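In what follows, a structure is listed as structure tokens, so that the remarks can point back to it.
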Amino acid sequence: MIVDVHTHLPTHYDTVPDSDRSTENVMRSGADVSKTNSIVDYLRAMEPVDKTFAFGIAPRPWQSERPLTITGQPGDIAVDGKNLNDVAAELHKAAPDKVIPFMSLHPMDPGMNDEYDRAVGDLGCKGIKLGPNYQDFDPVGKAAFKLYARLEADGLPIVFHQGTSPMQDAPLRYAQPLVMDQVAIAFPELRIVMAHLGHPWQNDCLAVVRKHPNVWADVSAQFYRPWSFWNGMMAFYEWGVTQKILLASDWPVSVPKDNIDGLRGLAKYARDHHLPVIPEAEIEGIINRDALEILGVE
């Protein structure tokens, strides 16, 4: 079972009109990333994997007109009153055997509990994506803890953005991996995925996942910074926690194939630079790890 636990939503049902096309070049440090993509584009990129988790990032209630998805503007999917959770459900309908919809909420939104009920009960969302830095909420604040308590009781996992971001108004302290230690202490049964190996704080990330049985890391969007990638992966290996890493891509920032190839290419990178090699079994374990079973996703 190959599962991509970290994909963002497409913006359009069908072909993206030329007038809607847009790119950005900060997420991959100068490489262009398309902000507008269709469901067809998404499913084509996901061909190498068996299952995907798909989500947006709920906007700040005081800035609800500005979407916080990696993919930018809502496009023609999120129209007629639909929000990002509706889009996740629409994507699931397009490929019900592959796409698993995750919701996103803002803990400080007055309507959060009603939207939770709708996203889980009506839309069939199986987990949640939170980006405390992007959403500008304190991940160890009272509002967030109320949401975590409900998720823990319902057995729904969280994928947290972790690590750096180029967005100037996204507080880095809200995405520092050591903050997750406090969350996991307070909610030991809550299943947590820390995205991006917590880069550039991979050592802090591994310390948290090593300590807490229900905390994991995903490897999304690491391969294109090879020195940082090798260092982070070798640290996880030396501390004996590569088995706590899940496969992910961060689509559309990168695609699953490139992340899989990047993992398998670590051995060549190490040999080319006279560095220690992470055993192949550890790498293949990451690629083929059954995240559905681990995270209790039905």
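Most simply put, the chain has about 10% antiparallel DSSP beta bridges, counting only bridges with both residues inside it.
Count charges around Trp216 for me, please; just the other residues with Cβ under 13 Å from its Cβ, Lys/Arg as +1, Asp/Glu as -1. That works out to +2. By the count of other C-beta atoms within 10 Å, a proxy for reagent exposure, Met27, Met167 are ordered fewest to most as Met167, Met27.
Counting charges near Glu280 (Lys, Arg +1; Asp, Glu -1) among other residues having Cβ under 13 Å from its Cβ returns a value of +1. Please report the net charge: other residues with Cβ closer than 11 Å to the Cβ of Asp50, K and R +1, D and E -1. Local charge sum for Asp50: -2. Note on Lys35: lysines with a C-alpha under 30 Å away, same-chain residues under 8 apart excluded, are Lys51, Lys82, Lys93, Lys98, Lys126, Lys129, Lys257. Using a Förster distance of 35 Å, how high is the FRET efficiency between Gln243 and Lys268, based on the Cβ-Cβ distance and rounded to 0.05? Once rounded, the FRET efficiency stands at 0.95. Here the chain is described by how far its Cα atoms reach on the three principal axes: 56, 46, 37 Å, from widest to narrowest. Computed over the chain, relative contact order equals 18 percent, with contacts defined as Cα pairs under 8 Å that lie 6+ residues apart.
Every read-out reported here was derived from the displayed coordinates using simple, explicitly stated rules and does not represent laboratory data. Computed from a predicted structure; not experimentally measured. When we count neighbours, we look across all protein chains shown, and the Cβ atoms used for this are built from the backbone with ideal geometry, even at glycine.
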